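Structure record follows, encoded as structure tokens.
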Amino acid sequence: MLALRRILADMPLMIDLTFKFTTEAETNSFGARLATALKPGDVVCFEGPLGAGKSTLARGLIHALSGANDIPSPTFTLVETYDFESGDLWHFDLYRLEKQSDVWELGFEDALDSGISLIEWPDKIESILPADALRLSIEVQPAAMRRLRLVAPDRWKPALQRCGIA
């Protein structure tokens, strides 16, 4: 959350939307809708505490793009890759990343050049993230509700409108 606040303080406000989910199915469905807005070169950052639903949201998105059903969290491997029609999908979980420079050893440059990058715990590499990344921040609320805040530069507006999110 702190990273998102820092980003917003440094940029003019762009797209800023809020959604609420009460079930895992709703979270997956949102991820599937968002997948239709993505293209190679896009970066999506997932922020929130442990257990908030970052990986669940990423799984919905990954399944929609790649058709994969076995989608492990890359908590220990740090990165998983998937093929989809337009290229590669890179799912980074940087929770265990020891230092920012270690991300280059995971293929981060290739992911930025030609793939779609999904990044959990983006605060670990904040200074090297593209300024036009789409940011999803998830908060756990009472009664197992999740509040998702989507913040993105204006360039995302047409794609988000096409998929029915904006």
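The values are calculated or read from the model by the stated rules, or taken from the named source; none is laboratory data. Given the structure is predicted, the values throughout are model-derived calculations rather than measurements. Glycine gets a Cβ as well: all are built from the backbone with ideal geometry, and neighbour counts include every protein chain shown.
Within the group Val103, Val151, Val140, which residue is of a type in the set (A, V, I, L, M), more than 13 Å from the chain's Cα centre (by Cα) and surrounded by 17 or more Cβ atoms within 10 Å (Cβ to Cβ)?
Working: Val151 fails: more than 13 Å from the chain's Cα centre (by Cα); Val140 fails: surrounded by 17 or more Cβ atoms within 10 Å (Cβ to Cβ).
When all the criteria are applied, what remains is Val103.
Determine whether Gly115 is touching a strand residue (DSSP E or B) at 6+ places or on another chain (Cβ under 9 Å) and free of Cβ contacts under 8 Å to residues at least 40 places away in the same chain.
On the way: touching a strand residue (DSSP E or B) at 6+ places or on another chain (Cβ under 9 Å): yes; free of Cβ contacts under 8 Å to residues at least 40 places away in the same chain: no.
Against the criterion (touching a strand residue (DSSP E or B) at 6+ places or on another chain (Cβ under 9 Å) and free of Cβ contacts under 8 Å to residues at least 40 places away in the same chain), Gly115 does not qualify.
Restricting attention to region 58-80, which residues are touching a Leu at 6+ places or on another chain (Cβ under 7 Å) and under 25 Å from Asp102 (Cα atoms)? Outline the logic, then answer.
In the first step, residues of region 58-80 are kept if they are touching a Leu at 6+ places or on another chain (Cβ under 7 Å); the result is 58, 61-62, 65-66, 78-79.
Matches in region 58-80: Ala58, Ile62, Leu78, Val79.
Report those strands (runs of 3 or more DSSP E) wholly inside region 69-166 carrying at least 2 residues which are hydroxyl-bearing (Ser, Thr, Tyr) and modelled with pLDDT under 95.
Numbers: elements: 79-84, 87-93, 115-120, 134-140, 146-152.
Where strands (runs of 3 or more DSSP E) fall fully within region 69-166 and carry at least 2 residues being hydroxyl-bearing (Ser, Thr, Tyr) and modelled with pLDDT under 95, they are 79-84.
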